[in-house]
Structure formats: C-alpha cells, structure tokens
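> Sharing a structure with you now.
The values are calculated or read from the model by the stated rules, or taken from the named source; none is laboratory data. These figures come from a predicted structure and were not determined experimentally. Neighbour counts run over all protein chains shown; Cβ positions are idealised from the backbone, glycine included. Heads up: the accessible areas ignore ligands, DNA and RNA and are worked out on the full protein's heavy atoms, side chains in. Shrake-Rupley method; radii C 1.70, N 1.55, O 1.52, S 1.80 Å.
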Amino acid sequence: RLVQVSKNYRSVMRACMEDMHQAAISARDPALHSQYSTQVSILSAMELIWNLCEILFVEAAAAGTLLLRLLDWVRLHICDVDNMVREVLSSENPSKHELFWNVVDVFVLQGRMDEARHLLSKEASADPTSVNMYKILDDLMKKMPVPSLGNTQTLTEMELKWQHWHEECQRYLQNGTFASNSHMESICKILLGDEDAILEKKELMTTWYHFLVTRLLYSRPTVKPMELRFYAQMDLFLGGESSPEPLDMILMAAFEFEMHQVIKECSIALSNWWFVAHLTDLLDHCKLLQSHNLYFGSNMREFLLLEYASGLFSHHSLWQLGVDYFDHCPEYGRVYLELHIERIPLNTEQKALKVLRICEQRQMHEQVRSICKIMAMKALRNNRLGSALSWSIRAKDAAFATLISDRFLKDYCERGCFSDLDLIDNLGPSMLLSDRLTFLGKYREFHRLYGEKRFSEAAKLLLMLMTAHIAPCSFWMTLLTDALPLLEQKEVVFSAEQTYELMRCLEDLTAGKSEKQKFQDDDVETTKVEMLRLALARNLARVIVKEGTLEGS
C-alpha cells in the first residue's frame, strides 16, 4: 500500500511537470519561459530522487528485482537520447544513418535487448557478408540471463546461468569473432561488463548513475541492496572534469542507504519543504526513521511537517491546507496551529467564519472567543450593530453584549424603531447572556405583543420589566411613556394593583432626582410626568368603578 502511495506522489509530480512544460512552450516572454523551464528541471530532479528512494527504501527491492527496478528508473529518467532514437528510426534507411550505432549502443546500455536486436537485424539484412557475425551477437543478446519478476528461479541458479553466458561471450571475444567490426566488438565488451568499454560510451549515458546501473547489469546482475555503495563510484565517471552537483550528492547518499543524509541534502538543495516533508512522512510510515529523534523533542517527520505547514500559513489561500498538516503532528501540531491561527488576517466575515469553524471543530475555545471579539469590534466600529451583537453572543462575552444592547436601546430612543429585528426576535436562550440583552429581547417582545393588539399580555410584560429591575433606570421614563397608550385604551388594561405599581415606579423615578436635576429637566420631561400622572389617575378611577361594579354584581 505504501508503494502505491509513493507512486501516487510521483504521478502528481509528473503531472505538474507536464503542466509546467506546456506552460514553458506557450510562454512568449523569455523570462517566463526560463522560469517554467527551471521548474520543470526541479520537478524532474525531485521525481528522480523520489523514485530511487521508493525502490531502495519503500519497496526495499531484493537482489534480482533490484536491478530490474533500477533499469526502469534509468529508462524513465534518462530521456536525452530519445530524440536521437526517434530521428534514426524515422529515417528512410536507419542502418545507414550516421547515429545508427549510437542508438544500438543506447539500447544495449539501458538493457533494452529486444530493441537493440531489432535494429541489428536491419543492419544484417543490409550487409550479407556479416550475417554470421550478427547472428552470433543476436544469439548472445537473446540468451542473456536477466532476473524477472515472475521467475521462480533462485539467485544461485540465476548466477550460474549468467556465469555460463558470460564465459560464452568471453570465448567469442577472445576468438576474434567480432574483430572485423569495431562496433560489434565494442557491444560484446559491454556485454562482458568491461569498465573501459562502458566508459567509452560516457556521452551516451550522460550521468554517473546510468553508468552504475549499466555496469551492474553486465557485471553484477544479482547485486544486493547493501552492496550498491561499493559500486556507486561517482568519481570514476566524472573523473576530474566536473565537480558533483547537489543532485549527485543526494543520489549518492541514497545508494549508500544514508536516509537522513538524503533528507538533509534535499532540505538544503530544494526551495521549499514540500518534498522533504512528504518523503520523510512516507519513510516514517515505513518504520525507517523510528530511531532518529531530534534533540529538541519532536521527531524528524513532525519537525518537517511543522515547517511545511508553517510556510503554508503565510499564503492567502493555502493556509487551510496547513491546518490538516498540523492535525497530523501529534506532539506540537495543536500548539503551532493555535499560534498561527491567531495571526491570520480576518479581512472578511466569510474568512472569519472559516477560521472559526476550524477552531470550533478542534475545541479551541480561547481562539474562538478571540476571533468573535475581534469581529464584534470591527462590526461595532462600522456601526453594524446586528453583526456586532451576533459575534459577541458567539463569543459569550457578557460585557460586550451589554455594551451593544445599550447601543441598540440608544438607537431606539433616537429613531423610535429597532434595527436588525430578525436577530433580536430570534435571540432565544442567548438573551440570558447579560441582563441588558435580556431586557432588549423582552422589550422587543413587548412591542411585538402591542403590535398584535395583545394589550393585556403587553401590559404585564411592561410592568414585569420595571418591577423586576431588569430595565435600566435610565430607560424607565421610556417604558412609562410606552404605557400611556395602554392606559388610554377604551377597555381597561391595567388592574388597580398594576396601576398602583406604575404610580410607585413613576414616583421612584421622580423622587430619585435631586432638585437641581429637576430644575435642569426640560419642559418636555415635566409635561410627560404630568400626562402620566393624569393618565394613571384616570385609569385608576376607571378600574375602581369597574372592579366595584363587578364586586357589587
């Protein structure tokens, strides 16, 4: 299953590589073309490294199978010769083409024997004098023992067969069978694993790891994984002509089974943490990194995933992916997530809701409160009271809910109507968050009952708001003024007891003011008090008459 996961990663890299390649072709701007081409090169190197790690570490190919996997690896990634092969094969007379023998050599160097034999058969038919020579070489290539995946033969049987075949090749070379044709003699030497003969074709192989696989194919086909380090000789191929590139050092570390060195070199050479984070995660799942803990607590897998996810959080949209990566870091993931989530700029309400949902799913209560408070403050600054109240309720912030409720009541006093009625009408149990919010909800309910002409219920609720001291004292005059239309109804709404309560509230309100305050009150306020006293007295008279009549009857 892990091998399949690894292949899925590689298919993604190849798909990205194809997209970049197409973008490079269609780019008109030279700078853009260069940028895309660089990306193709980087992705190609990444896939090359990943594929080798898959063979050596994930699949852990055994002797025999290992060589087949390495041959596939070389064929897949050494594509420089493909154009030359196409050019020769598409010509009218391939055997006469100047690059004909180069193509045959490429096929032999990559172990593509059937293709090499097919080309040689064309040459044989064009050169009747050398038919016997071609037939012998063709026979040697056909009989070459190569490990196969479905083969049940043991390694010992394979080695014996290969030894016999090797001796036969040696015999023909020593007998001078191919002496008259230097090309065929060179191929026979390659089949014998002659190091010098293989190195002569250096330009066709282009890389030291191609040379390594070719050398193993013709000299040690049953190589064991741990023996690779002895054959991986970069200097032999490069000579003193050039120094190793970072890619060479990474591949060499892989052939030497130095997994941590591979990860270290990749971290230095590649521009971001994606590759090393995902490769390390895969190797960790293969139980290959268990023994390696970092000195500061977290293991290497988690350290690299944290670094990668932290990088994603700096991106305007990819930060959401970073959350998933933090979730898969059992030791420090949550701490990192809490720190990074607080730094996300909450530009829009939609983004804030996304962040909030993430925090709520992970029971990050402190962050939930923080986000709600920030959004409530933003809404309040923009005078969006409904949104501010909604966020403060979500934050369960009683003090802030009280502040916003006061703003709602102040607006009502100034404008004579409520804004955001839908929100206030549907507060439900949320109104219990603070006394002021409870009053706001209940006061709005009073208006609704009044509007529905349910006067008796409205009167009871209004009186309850005052006598239970839910209403702020500063709002009592407004409530008493709201009682005026109920006192003037044709039908008596307030009972005698309720009327006495209203009178007491009015007297408490006026008695609580000092002489100086009374003097400062304007005429409107004085008029209101007088009207209320008159209305209450008339209502009381009507009630007494009504209640007396009822008692008399």
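> Over the chain, what is the relative contact order in percent, taking alpha-carbon pairs closer than 8 angstrom and at least six residues apart?
Working: 507 pairs, mean separation 41.6, N = 553.
Reported relative contact order: 8 percent.
> Please report the accessible area of LYS396 (heavy atoms, 1.4 Å probe, ligands and nucleic acids excluded) in Å², nearest 10.
150 Å²
> May I pose another question? Calculate, for the chain, the solvent-accessible area per residue in square angstrom, rolling a 1.4 angstrom probe over the heavy atoms of the protein chains. Mind showing how you got there, number by number?
Details: 29000 Å² over 553 residues.
About 52 Å² of surface per residue is accessible.
> If you roll a 1.4 angstrom probe over the protein chains with everything in place, what fraction of the accessible area of the range 234-377 belongs to carbon and sulfur, to the nearest %? Before the final figure, lay out each step's value.
On the way: 3980 of 7570 Å².
About 53 percent, which is the carbon plus sulfur part of the accessible surface.
> Separate question: What are the radius of gyration and Dmax of the range 10-89, computed over its Cα atoms and given in Å?
Taking only Cα atoms of the range 10-89, I get Rg and Dmax of 15.5, 49 Å.
> Counting Lys and Arg as +1 and Asp and Glu as -1, what is the net charge of the other residues whose Cβ lies under 13 Å from the Cβ of SER317?
Net of charged neighbours comes to +2.
> How large, in percent, is the carbon and sulfur part of the accessible surface of the range 3-57 at a probe radius of 1.4 Å?
Numbers: 1640 of 2900 Å².
Looking at the range 3-57 in its full context, I get 56 percent from C and S.
> Keeping the other protein chains in place, figure out the carbon and sulfur percent of the accessible area of the range 147-218, with a 1.4 Å probe. Write out the running numbers ahead of the final one.
Values: 1620 of 3540 Å².
Carbon and sulfur: 46 percent of the exposed surface of the range 147-218.
> How compact is the range 30-171 by the rule of thumb for globular proteins, expressed as Cα Rg over 2.2 N^0.38 Å?
With N residues counted in the range 30-171, Rg over 2.2 N^0.38 Å equals 1.32.
> For the chain, with only Lys/Arg (+1) and Asp/Glu (-1) charged at the beta-carbon, what is the dipole magnitude about the Cα centre, in debye rounded to 20? Each step should come with its number before you reach the end.
Values: 60 positive and 75 negative charges, 372 e Å.
The calculated dipole for the chain is roughly 1780 debye.
> Projected onto the charge dipole of the chain (+1 at Lys/Arg Cβ, -1 at Asp/Glu Cβ, origin at the Cα centre), which of VAL103, VAL543, VAL146 gives the Cα projection farthest towards the positive end?
VAL543
> Set Lys and Arg Cβ to +1 and Asp and Glu Cβ to -1, take the dipole of the chain about its Cα centre, and tell me which of TRP319, MET375, VAL74 lies farthest positive.
Farthest towards the positive end: MET375.
> Contact order normalised by length for the range 50-178, with contacts defined as Cα pairs under 8 Å and 6 or more residues apart; what percent is it?
Details: 74 pairs, mean separation 26.9, N = 129.
Once divided by the residue count of the range 50-178, the mean separation gives 21 percent.
> Here is a further query. Mean residue ellipticity at 222 nm from the helices of the chain, using -39,500 (n - 2.57) per DSSP H segment of n ≥ 4 over the full residue count, to the nearest 500 deg cm²/dmol? Show your work: numbers first, answer last.
Values: 31 runs with 389 residues, N = 553.
Mean residue ellipticity, 222 nm, calculated: -22000 deg cm²/dmol.
> Here is a follow-up. Just checking my list (i) 45, 27, 20; (ii) 42, 30, 25; (iii) 93, 22, 20 against semi-axes √(5λ) of the Cα gyration tensor in Å computed from this structure; which label fits?
From the options (i) 45, 27, 20; (ii) 42, 30, 25; (iii) 93, 22, 20, the structure gives (iii).
> Would you calculate the separation in nanometres between label points at ALA179 and LYS354, each defined as 7 Å from the Cα along the Cα-to-beta-carbon direction?
Here the modelled spin labels are 7.8 nm apart.
> Step through the table entries LYS410/LYS490; LYS122/LYS189; LYS224/LYS287; LYS7/LYS161; LYS460/LYS490, compare each Cα-Cα distance with 24 Å, and write down the pairs that go over it. Walk me through the intermediate numbers first.
Working: LYS410/LYS490 32 Å; LYS122/LYS189 22 Å; LYS224/LYS287 21 Å; LYS7/LYS161 33 Å; LYS460/LYS490 18 Å.
Cα-Cα > 24 Å for LYS410/LYS490; LYS7/LYS161; rest within.
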